[in-house]
1. How many of the residues in the stretch 52-93 are assigned to a strand (DSSP E or B) and of a type outside the set (Ser, Thr, Tyr)?
2. Residues of the stretch 130-178 being in contact with a Leu (Cβ under 7 Å, 6 or more places away or on another chain), of a type in the set (A, V, I, L, M, F, W, C) and either assigned to a helix (DSSP H, G or I) or farther than 20 Å from Leu229 by Cα (or both), which ones?
3. Looking at the stretch 164-189, I want the residues that are closer than 19 Å to Trp254 by Cα and in contact (Cβ under 8 Å) with a residue 12 or more places away in the chain and have a partner that is surrounded by fewer than 18 Cβ atoms within 10 Å (Cβ to Cβ) and aromatic (Phe, Trp, Tyr) with Cβ atoms under 7 Å, at least 6 apart or on another chain. Which pairs are those?
4. Looking at (1) in a helix (DSSP H, G or I); (2) under 26 Å from His55 (Cα atoms), find the lone condition where Thr228 falls short.
5. Those residues that are in contact with a helix residue (DSSP H, G or I) (Cβ under 8 Å, 6 or more places away or on another chain) and small (Gly, Ala, Ser), I need them from the stretch 34-63; list them, please.
6. Please go through the stretch 94-106 and give me each residue that is outside any strand (DSSP E or B) and either touching a strand residue (DSSP E or B) at 6+ places or on another chain (Cβ under 7 Å) or under 15 Å from Gly127 (Cβ atoms) (or both), ordered by number.
7. Quick one: in the stretch 134-160, which of the residues that are of a type in the set (D, E, K, R) and touching a strand residue (DSSP E or B) at 6+ places or on another chain (Cβ under 9 Å) is farthest from Arg255 (Cα to Cα)?
Amino acid sequence: MLDITAIPALQDNYIWAIHDGLNAVVVDPGETAPVLKFLKAHGLHLDAILCTHRHADHIGGIAGLREVYNVPVYGRRHPDNPHITNDMREGDRLELAPPGVVFDIIEVPGHLDDHIAYIAPGMVFCGDVLFGAGCGRNFEGAPALLHHSLQRLAMLPDTTRVYCAHEYTAANLRFALACEPDNPEVQQRIAATDELRKANLPTLPSTIALEKKTNPFLRCTRPEIIRTLQQRGLTGASEPGVSELGVFTALREWRNRF
């Protein structure tokens with residue numbers, strides 16, 4: 001049976017360890033030491049590293065881990081990510097045995113061009129594209145790319161557990177509440193998040209169902225969000241018949257300054 005554990009790293013990163021009690025795979029190791037400590041504490045052997053994208057806080061620990069465990073590194077090849085040994089592309093399937101998991105790969109650009117997500121039944125490892133109640137910044141490509149990537153993730157089954165890479169949920173929910181002050185699901189999630197953080201517990205994984213109820217970036221057709229943007233006079237949301245992409249773009253621009 002698989003266990004999935006969050007290893008805290010850096011300021012607010014999570015390195016996800018997928019293991020069966022003997023063998024482990026880690027996702028986006030931004031640091032070496034926390035992973036080595038976790039493996040030793042649980043008597044685990046590292047078999048592979050998964051990488052969602054090339055940002056330093058996601059790849060910074062790979063070289064150190066490979067000095068101890070000469071394992072394959074799966075991800076999308078990019079000139080600025082020299083660690084990838086096995087290039088993953090849209091439609092690829094990755095079978096990892098041990099620990100016994102099969103991932104389908106989708107390309108989800110918009111945060112960075114090389115961003116991919118790993119999807120298995122009941123779970124998705126989505127790096128910095130989808131966060132708890134939020135989404136990543138649009139560093140590369142047009143906003144439409146990021147919007148499309150989020151829409152693809154939103155089409156996963158509602159019960160899919162969302163394993164993203166940062167503990168941003170509380171901050172994102174403050175923005176979600178500003179977007180939809182009367183959304184009871186947002187209010188309930190804020191209370192639940194506060195309790196988890198007081199206990200020093202992760203707010204992740206969430207689920208696709210929870211994100212669709214509380215994440216403004218997946219709710220761009222909701223009348224209250226559109227009204228909020230129009231009241232603020234944000235670009236793209238003031239014209240009649242505003243498009244979903246226009247709402248998304250306005251939300252992302254507002255969140256950048258929030």
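1. Initially, the stretch 52-93 is screened for residues assigned to a strand (DSSP E or B), giving 73-75, 78, 81, 86-87, 93.
From what is left, the residues that are of a type outside the set (Ser, Thr, Tyr) are 73, 75, 78, 81, 86-87, 93.
The qualifying residues number 7.
2. Matches in the stretch 130-178: Leu130, Phe139, Ala144, Leu150, Leu153, Ala154, Val162, Cys164.
3. Listed pairs, sorted by first residue: Phe175/Phe258.
4. (2)
5. Step one: filter the stretch 34-63 for residues in contact with a helix residue (DSSP H, G or I) (Cβ under 8 Å, 6 or more places away or on another chain), giving 35-36, 44-46, 49, 51-52, 61.
Listed by number, the list holds a single entry, Gly61.
6. Pro98, Pro99
7. Taking the candidates together, the pick is Asp158.
Residue by residue, here is whether (1) in contact with a Lys or Arg (Cβ under 8 Å, 6 or more places away or on another chain); (2) touching a residue at least 24 places away in the same chain (Cβ under 8 Å); (3) buried (at least 19 other Cβ atoms within 10 Å of the Cβ); (4) not basic (Lys, Arg) holds:
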{"position": "Ile62", "(1), (2), (3), (4)": "no, yes, yes, yes"}
{"position": "Arg66", "(1), (2), (3), (4)": "no, no, no, no"}
{"position": "Pro82", "(1), (2), (3), (4)": "no, no, no, yes"}
{"position": "Gly91", "(1), (2), (3), (4)": "no, no, no, yes"}
{"position": "Leu96", "(1), (2), (3), (4)": "no, yes, yes, yes"}
{"position": "Asp104", "(1), (2), (3), (4)": "yes, no, no, yes"}
{"position": "Gly110", "(1), (2), (3), (4)": "no, yes, yes, yes"}
{"position": "Ala120", "(1), (2), (3), (4)": "no, no, no, yes"}
{"position": "Phe125", "(1), (2), (3), (4)": "no, yes, yes, yes"}
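The values are calculated or read from the model by the stated rules, or taken from the named source; none is laboratory data. All values derive from a computational prediction rather than experimental measurement. Cβ coordinates were reconstructed from backbone atoms using ideal geometry, including for glycine residues, and neighbour counts include every protein chain displayed.
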